[in-house]
Amino acid sequence: MADVDSSKLEMPDFVDPGGYGEVSGEITIPGTVGKAQADEYNTLDEPVRETIMRDLRAVGTKFYHVLYPKEKKALLKEWDLWGPLILCTFLAMMVQGSEDADSGDGGPEFAQVFVIVWVGAAVVTMNTKLLGGTISFFQSVCVLGYCLLPCCGSLILCRLILIATQNKLLFILRFIVTVIGFVWATFAAMVFLGDSQPSSRKALAVYPILLFYFVISWLILSHTNV
């Protein structure tokens, strides 16, 4: 057998025994294009200030969507509980009993308002899930919590109205402001949660939401004392 000149043998640059082609490259996160977008998700080396500002911007964006409820999936894409926690804490602080609470005429305590909001949101969410809702538990709680924003806005206006000497006309004005906040909150919640319910059961899902925001609005109207 003739000797084979090994110097004439050329080794291929790439050996592909499986026939899959070139597989080298950079690993990217699903849903992103290239390295630039993937770097946005790498927050391990991110300063704390940037993390806080990014979260605040996300909360502010959700507040905007509640005030202008046009995009139905805005609160469901990336849910969080920071906004609901802020609104619930503000509501409990403003509605809690006044200095004459020992006499029996004051409003509810801070913890009572806190429990009413979170337990109420959990009960409404459980009802949504039992009726065949397609969103997760925390997505529903997120929506219900963020939609407290109109109620908190009506609470601030009621506080401002209470600065003046009270009469029947000002009470009617407080009532109208509270009703607007109630209707706005309920409408926003239904915009975000409406499509998650079967069409034949939407009425059963609306009633607990109405009752939830009605209780909150009643607390605002009856216990905004200065």
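Nothing in this text is a laboratory measurement; each read-out follows from the coordinates by a stated rule. Since this is a predicted model, take the numbers as computed values, not measurements. Glycine also receives a Cβ, built like all others from the backbone with ideal geometry; neighbour counts cover every protein chain displayed.
Can you find even one residue in the stretch 138-159 that is farther than 21 Å from V115 by Cα, more than 18 Å from the chain's Cα centre (by Cα) and among the small types (G, A, S)?
no
Hey, can you tell me all the residues within the stretch 62-95 that are part of a loop (DSSP other than H, G, I, E, B) and under 17 Å from V115 (Cβ atoms)? Working first, answer last.
If we filter the stretch 62-95 for residues that are part of a loop (DSSP other than H, G, I, E, B), which is where we start, we get 68-81.
If the condition is that a residue be part of a loop (DSSP other than H, G, I, E, B) and under 17 Å from V115 (Cβ atoms), then L81 is the only one that fits.
So I163 passes all but one of these: (1) part of a helix (DSSP H, G or I); (2) farther than 20 Å from L67 by Cβ; (3) over 16 Å from the mean Cα position of the chain (by Cα). Which condition number does it fail?
(1)
Looking only at the stretch 173-217, how many residues end up being crowded, with 20+ Cβ neighbours inside 10 Å and not in a helix (DSSP H, G or I)?
Going through the stretch 173-217 one residue at a time, the tally reaches 1.
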